[in-house]
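Input: a single structure, listed below in structure tokens.
FYI, it's all coordinate maths here, none of it is from the lab. What you are looking at is a predicted structure, and each value in this text was computed from that prediction instead of being measured. Because the Cβ atoms are built from the backbone with ideal geometry, glycine has one as well, and the counts that use them run over all protein chains shown.
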Number of protein chains: 2
Amino acid sequence: MNDSEKRGRGRPKSLNREHVIATAMEHYWVDGPANVSINEISKRAGVSKPGLYREFGGEDGLQKAVLESYLDSGLKPLYEVLEIDRPFKDAVQALINLFLESRPLFASPRGCLLRDMRSCQDQLGADTNETIDRLHSESIDQYAAWIERAKTKNEINDIPTDLAAEYVDLQFGNAMLLLKRNEPDEMVEQMMRLSFSVFTPKQ
Amino acid sequence: MNDSEKRGRGRPKSLNREHVIATAMEHYWVDGPANVSINEISKRAGVSKPGLYREFGGEDGLQKAVLESYLDSGLKPLYEVLEIDRPFKDAVQALINLFLESRPLFASPRGCLLRDMRSCQDQLGADTNETIDRLHSESIDQYAAWIERAKTKNEINDIPTDLAAEYVDLQFGNAMLLLKRNEPDEMVEQMMRLSFSVFTPKQ
DNA sequence: ATTATTTCGTACCTATCGGTATTTTATTGT
DNA sequence: ACAATAAAATACCGATAGGTACGAAATAAT
């Protein structure tokens, strides 16, 4: 299976780290981080529990690893959409598209794993908490940069950037919630449009 | 203690139903419904576990009873604010006041119990789920009535009432989340103002 | 006084949680 | 061939979850 890396002396490792992370992410994402046990994950991933502990140190380490991986697979695509320099309303449409296009990729509805982890943060370990805070702060920065850029181009109303960034964070969270609740595409789209209409100058 | 009701034959009941509900609500509200065990509640309320089961039937019954009580103590005051007939912007200010004034009433920060229960709905029992759905649907109706009234008075933009009601629900949820996160009053107020600015016509 | 009735709470049940001690197994270095 | 090493998995740990069996205790009716 996993015959990568330099091989030392002992028994070759069969545990596939990425496979375990993917399995754990799937379950954390769909069922909520607090509702999935180590036992469940080790069973679903086809790995023994001591194997998990050897690889990740414990539940905290696994959840941190999952979150780091989610940064690449779930958050980076969003950041890329935000970083493209284009009219604000085009960006909003691109965001709506991104959200809606993510839907058919998964069999079971899911929201934002970072948001889900954040909302049960006090049940998670120290390392995971640190990672949550870092990723959240990074995403706030991304939103702030996007807002700031649109403001300097005079495309949106003059709302304090800090406030606007937090608002964007909340509205993204809402939209992801609607996705998880299986609300129809049209409803999600209309809700996002309504949310972001606070930025567009009154006609 | 509890010498109310008609007394029959057996040992008089000492368990105070309302006290147990209040204790359970406090803990569900502060720590999250899924993070509080029956053991914990029976300990904190000074009641034996079989006593709890005799009174409420089980965890599901207790959580349902707590939610019914929350309708009176937490939701009704909000509905009353919404039902008063006044200019939309005055209502928004009254809502902000209601939210902020609720803060110093509690030692530990808390959001909306209905929202918290709804966000972990799949971990709760059948009766509780039914109650959650009923209360949520009721609150949506309240928001819709408020929006509809403002629309007929030409105070707000022409946004589909269903969508607007869902939006209001989400924004209230956001505001409660900020309260729970201990964000400063000014931030909560600005966020609510920003959220509700989607309704106000061109400035 | 005795009996019927109701509530009381201790002590227990099974399942599952996160986590680990320990032995086996598979490989490399000598 | 054999020692050294590293990862494998079984089988366990104490704690806690939701839930209950059951006898003691307290009252009202007889």
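Report D for the protein assembly as shown in µm² per second (integer): Stokes-Einstein, Kirkwood Rh on Cα pairs, 25 °C, 0.890 mPa s. Working shown, then result.
On the way: Rh = 23.6 Å.
After rounding, the answer is 104 µm²/s.
In whole Å, how far is the Cα centre of segment A:14-85 from that of segment B:139-203? Comparing the Cα centres of segment A:14-85 and segment B:139-203, I get a distance of 36 Å.
Would segment A:156-203 count as rounded, prolate or oblate if I go by the C-alpha gyration tensor, calling it rounded below 1.5 in a/c and otherwise prolate when a/b exceeds b/c, oblate otherwise? Spell out each step's value before the answer.
Numbers: a/c = 5.84, a/b = 1.65, b/c = 3.55.
Oblate is the answer for segment A:156-203, as a/c is 1.5 or above yet b/c matches or exceeds a/b.
Sorted from shortest to longest, the distances between the residue B:184 label points of this copy and the other copies are 4.4 nm, with each point 7 Å from Cα along the line through the beta carbon.
Seen against the Cα atoms of chain B and their longest principal axis, helix B:88-102 is set at about 30 degrees.
For segment B:29-156, the relative contact order comes to 38 percent (Cα pairs under 8 Å, sequence separation of at least 6). Measuring between alpha carbons in the structure, the pairs from A:180/B:153; A:43/A:64; B:89/B:153; A:89/B:151; A:180/B:89 lying more than 24 angstrom apart are A:180/B:153; A:89/B:151; A:180/B:89. With its label point defined 7 Å out from Cα along the Cα-to-Cβ axis, residue A:109 lies at 2.9 nm from the matching points of the other copies, in increasing order. To the nearest ten degrees, helix B:126-152 and the longest principal axis of the Cα atoms of chain B are 20 degrees apart. Rounded to whole Å, the principal axis extents of the Cα atoms in chain A read 69, 33, 31, largest first.
Computed over the Cα atoms of segment B:1-106, the ratio of the radius of gyration to the Kirkwood radius (Rg/Rh) comes to 1.11. Remark: spin-label model distance residue B:162-residue B:187 equals 3.6 nm, labels positioned 7 Å along the Cα→Cβ axis. Karplus-based coupling profile of segment B:49-63, in residue order and whole Hz: 5, x, x, 4, 5, 5, 7, 10, x, x, 4, 4, x, 5, 5, with θ = phi - 60° in 6.51 cos²θ - 1.76 cosθ + 1.60 and x standing for Gly or Pro.
GNM on chain A, C-alpha springs below 10 Å: top fluctuator among A:60, A:31, A:85? Result: A:85 has the largest fluctuation of those listed. Here the Kirkwood formula puts the hydrodynamic radius of segment A:124-188 at 13.5 Å, using every distinct Cα pair. Each copy carries residue A:201; placing its label point 7 Å along the C-beta direction from Cα gives inter-copy distances of 2.0 nm, listed from smallest up.
Note on residue B:108 and residue B:19: with the Förster distance fixed at 22 Å, the Cβ-Cβ geometry gives a FRET efficiency of about 0.70. With a 10 Å cut-off around each Cβ of A:157-169, the average count of Cβ atoms from other chains is 2.
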